[in-house]
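Only one structure is covered here, and it is reproduced in the block below.
The values are calculated or read from the model by the stated rules, or taken from the named source; none is laboratory data. The model shown is predicted, which means the values in this text are computed figures rather than measured ones. As a convention, Cβ positions derive from the backbone with ideal geometry for all residues, glycine included, and neighbour counts pool all protein chains shown. Protein only, heavy atoms only, side chains kept; ligands, DNA and RNA dropped before computing areas. Shrake-Rupley method; radii C 1.70, N 1.55, O 1.52, S 1.80 Å.
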Amino acid sequence: MARRIVTLVVAAVLAAALFYFTRDDASGQRASNVGGNGSDKQVAAGASEARAEARADDSVDTVDAVPDDAETTMTLAGGDVSMSYPDGFGLAVNQDQLLVSSYIPVCDEGFDYCIYLASGAYEGTNFDGAGLRVQLRDDLDYEAACMLEQPDGYSGLEPALEGATDHATSMFAEVGEGAAGHFTNGALYRLYFADTCYEFESRVGQTQFANFEPGAVERFEESELAELQGSFAKVIRSVSLPDGRDALWTHDQRPSTLVDDVQVRAIEPAADSKMTSPIELRGQALGSWFFEGSFPYRLQTAEGTVLASGVARAEGDWMTEGFVPFTATIEFDVEAATAVSLILMNDNPSGLPAN
């Protein structure tokens, strides 16, 4: 009987930054290259060194991107749940108190609290803004609804679930938005305690680096994104119950570091997975990738032999600028363990909604 085992190399930036997208401008095709794009790395490294030199120069007026360890502790409405946030972040309880602006709001309307990064952080880069939305979800009035209700605009996401006899938590990783050359990434967390559903959503926004004239800004780098996500993860760990219990989400609380120009993400299975036929492919792509609700893929060996090809189909409305979940079932046949690449192809490289 033929062995149907392959080691999968997925075209996804989620693979611990080991795989980077490249694009053929004529075809819109994107594929993964181990080790990434050397010129991009050099540009990013140069930008990082320039900012490091500027911050070391006392004559340069800079804002610390990630604040120090001083914290403010607050108790949420109802008096049962508390949390802390570090200096350098502001607190708003309505839109009028939100003292920063960004293309995609750092906290969606309807928040009860918005913990936002103060103006001036990462100045001179394509960073756009960051915030943590806190909202009491009165509409999710029982535990199952609180834990499982999909984030707005999403379907088919599987939350990480935890809890104890008196509370439950869930986390939806890789929740973000995209619009007109801007995008965000973050995660959504929920806590059900004392018949109340608390929702927390982290959000880090960027403007696509290619939107700027060469030399106008420096690139907001993956290391800075990870640093900022670490600050939000610390805030999430601080959420505590009346008896002082905190760290209620014990799994990894940071979404993957999605760098500039991310168009496909949250791909399962991940790179380096060992798979047998069929592969159940899942992920998210910007709506601009789809033509009539689908885009093509190709599974091929390192030598270029095509093992399978077909289309991935959108789950839900694909006529949007945001991320859209997609699925595909990929069947293949190999005689021995084989390393393969999964190539996902933009079926609408013009980006026009008419396509």
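In terms of the Cα gyration tensor, with a ≥ b ≥ c the square roots of its eigenvalues, is the range 72-120 rounded because a/c is under 1.5, prolate because a/b exceeds b/c, or oblate?
Details: a/c = 2.68, a/b = 1.45, b/c = 1.85.
Oblate.
The magnitude of the dipole of the range 59-214, with charges of +1 and -1 set on the Cβ of Lys/Arg and Asp/Glu and taken from the Cα centre, is near 260 debye.
Quick check: with the 1.4 Å probe, what order do THR73, THR125 take by accessible area, largest first? Intermediate values should be presented prior to the final figure.
Working: THR73 95, THR125 15 Å².
My answer, sorted largest first, is THR73, THR125.
Placing pseudo-labels 7 Å out from each Cα toward the beta carbon at ASP243 and GLU292 gives an inter-label distance of 6.0 nm. Counted residue by residue at 0.36 nm each, then reduced by the alpha carbon distance between them, the extension gain from THR73 to SER155 reaches 26.1 nm. Spacing of the modelled spin labels on GLU222 and GLN97, each 7 Å from Cα toward Cβ, amounts to 3.8 nm. Backbone phi angles across the range 120-133, fed through the Karplus curve with coefficients 6.51, -1.76 and 1.60 (θ = phi - 60°), yield HN-Hα couplings of x, 5, 6, 4, x, 10, 8, 4, 10, x, 8, x, 10, 7 Hz in residue order; Gly and Pro are listed as x.
The charge dipole of the range 169-214, taken about the Cα centre with unit charges on the Cβ atoms of Lys, Arg (+1) and Asp, Glu (-1), comes to about 60 debye, rounded to the nearest 20.
Just want to confirm a number: the relative contact order over the range 73-227, from Cα pairs under 8 angstrom separated by 6+ residues, in percent. Working shown, then result.
Working: 302 pairs, mean separation 33.4, N = 155.
Relative contact order, the range 73-227: 22 percent.
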